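Asks: My structure is below; once you've seen it, I'll send some questions.
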């Protein structure tokens, strides 16, 4: 079980308060045949120096200091320098359970057809650790189409590259798109799956603590927030060409992309993005019937969207209840 080496790739940018927590969780793994690649993406705090300190204490750690070019470029650098037969990505402000690597590798050891191993995330907020929920621990093999359905619906997994283990020969010829700053990881996963048509295996077990931290890339609001819509346009087009049966899930993702961007910008300064707020509201209202029929949207979300017909202010108050 310990024969195959795993490359753990961790992009690092201005996370000095969280980096040791992340690295310590990796070094405590029950599966020990791994290398840890810390990619310092031009940090301006003490993260780079901390990477070197950690590497000086552990021979498994390799550090690469690069000019700041974003998380996608850092992940690409990590893939280029990795030497393991399998690759996993971990964000530097998150952390993992001691059996993270063992859980992901144990289900692929004897099956050559599997290209990706997937487990559950456990969502926490601002570092507040909560007890891991109980899950069955059962394994399921997923075809490419089923994997795409699961990624699109995000019920049991996420469209992030974390909490996943990739066979090196599957991902080594792909790169994360550096033209986008949000949802580019979803595009990466989509292209890997559609072009390799590999099988996936899912383990119903939470092994990754995903920290929703205020000020992180996924919560910050700037002009890159609109990347989400643009990237999902590409994903929807590419997936529909191959798996037209996923139309319901693709419609959901399209509506979700507009709604999630609208939600982010309505909680910014009221003077920001006035034209975009109007356009997004019009788009959501235009697609109201699709949203109301959508089996993946909650009743809470459908009520919120209905309120947009009356007033963006009411919508904001309703959505704010669930923040």
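Each value in this text was obtained by applying a stated rule to the coordinates, not by laboratory testing. Model, not experiment: these values are computed from the prediction. Cβ atoms come from the backbone with ideal geometry, glycine included; neighbour counts cover every protein chain shown.
Asks: Where is the GNM fluctuation largest for the chain (alpha-carbon springs, 10 angstrom cutoff): 163, 17, 183?
Replies: Checking each option, the largest mean-square fluctuation is seen for 17.
Asks: So if R0 is 41 Å, what FRET efficiency would residue 286 and residue 140 give, r being the distance between their Cβ atoms, rounded to the nearest 0.05?
Replies: 0.65
Asks: Taking the chain as a Gaussian network, Cα atoms linked when under 10 Å apart, which of 136, 92, 158 shows the biggest mean-square fluctuation?
Replies: Per the Cα network of the chain with a 10 Å cutoff, 136 tops the list.
Asks: Compute the label zone of residue 68 within the stretch 32-55: residues whose backbone N is under 14 Å from the point 7 Å along Cα-to-Cβ.
Replies: 40-48
Asks: Quote the FRET efficiency, to the nearest 0.05, computed for residue 197 versus residue 99 with a Förster distance R0 of 30 Å and r equal to the Cβ-Cβ distance.
Replies: For R0 = 30 Å, the calculated efficiency reads 0.55.
Asks: Put a dot 7 Å past each Cα toward the Cβ at residue 83 and residue 223; how far apart are the dots in nm?
Replies: 4.2
Asks: Computed on alpha carbon atoms, what radius of gyration and Dmax characterise the chain, expressed in Å?
Replies: Cα only, the chain: 20.0, 61 Å (Rg, Dmax).
Asks: What is the packing order of peptides 288-294, 268-274, taking the mean over residues of other C-beta atoms within 10 Å and listing the highest first?
Replies: 288-294, 268-274
Asks: Next up: For 159, 300, 188, which order do you get if you count the other beta carbons within 10 Å of each Cβ and list the fewest first?
Replies: Sorted ascending by nearby Cβ count, the order is 300, 159, 188.
Asks: Right, another one. Would you work out if the stretch 65-170 is rounded, prolate or oblate? Take a ≥ b ≥ c from the square roots of the eigenvalues of the alpha-carbon gyration tensor; rounded if a/c is under 1.5, else prolate when a/b is larger than b/c, oblate otherwise.
Replies: oblate
Asks: Let me ask something else about it. Give me the extension gain from residue 267 to residue 306: residue separation times 0.36 nm, minus the current Cα-Cα distance, reported in nm with one decimal.
Replies: Separation in residues times 0.36 nm, less the Cα-Cα distance, equals 12.2 nm.
Asks: Taking the highest mean first, how do the peptides 122-134, 200-212 order by number of other beta carbon atoms within 10 angstrom per residue?
Replies: Descending mean neighbour count gives 200-212, 122-134.
Asks: So for the stretch 223-321, considering every pair of alpha-carbon atoms, how many percent are separated by more than 15 Å?
Replies: 62
Asks: In addition: Just subtract the alpha-carbon distance of residue 293 and residue 111 from 0.36 nm times their residue separation and send over the number in nm, one decimal.
Replies: Residue separation times 0.36 nm, minus the Cα-Cα distance, leaves 61.6 nm.
Asks: Also: Please give the contour-minus-distance gain from residue 58 to residue 247: 0.36 nm per residue of separation, less the Cα-Cα distance, rounded to one decimal in nm.
Replies: Full extension from residue 58 to residue 247 adds 63.2 nm.
Asks: Can I ask one more? What residue among 155, 228, 248 has the largest mean-square fluctuation in a Gaussian network model of the chain, using Cα springs under 10 Å?
Replies: Highest fluctuation of the listed residues: 155.
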